[in-house]
Amino acid sequence: MPIQISQADMHHYASAIWALARSECADAQVALAWLILNRMETAAGAQKSDQNDSNRYGNGTLTDACNSVLADEGLSSEGRTPCKTGFGDNEYCRAFSVACRVWNGDQADPAKGALDFHRHDECPDWAADREPSALIGRRFFYP
């Protein structure tokens, strides 16, 4: 059974997916949703083991993981709340559906445990010597 999640956290999770990939294919949304969860779990594990680099992906909460992914894409978490998007927006509804399916484990991780990503039309320094695990939508994903 999945860990319980608050309605506010689920809306924040869906809003992050919406902000990152609202016009992309479902696979791209699923990959980003998994990347957020992978970062949350990695940060939570780092917190438990007192690793010094635990701040890279946040403090182990879903909100921090969402915000770290938004920041990597150059987006702010401000203005990405359900009141700005919400169920009247079809793309938000798709993102919310993806968030629910990934959170419940009903959707496999197509990016194979990825923690990092970048758009396919750029190559940041950190990616130069790394092999991506997947190209999904317009992003490369890295474990």
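Values quoted throughout were computed directly from the atomic coordinates according to the rules given, and no laboratory measurement underlies them. This is a predicted model, so every value here is computed, not measured. Note: ideal-geometry Cβ built from the backbone for every residue, glycine included; neighbour counts use all protein chains shown.
The H on the amide N of I136, modeled in the peptide plane, is under 5 Å from the matching H of F141, each at least 5 residues off or on a different chain. Helices that extend 30 Å or more along their long axis by alpha-carbon positions and average at least -1.0 on the Kyte-Doolittle scale are, among the DSSP H runs of the chain, 26-48. Size of the chain: Rg and Dmax of its alpha carbons, in Å, are 14.3, 43. Over the chain, DSSP H runs of length four or greater, each weighted -39,500 (n - 2.57), average out per residue to a 222 nm ellipticity of -14500 deg cm²/dmol. Once the Cβ-Cβ distance of R119 and M10 is raised to the sixth power relative to R0 = 25 Å, the FRET efficiency obtained is 0.40.
Placing R0 at 25 angstrom, the Cβ-Cβ distance between E41 and E91 gives a FRET efficiency of 0.40 after rounding to 0.05.
Normalised by the number of residues in the chain, the mean separation of alpha-carbon contacts (under 8 Å, six or more apart) gives a relative contact order of 30 percent.
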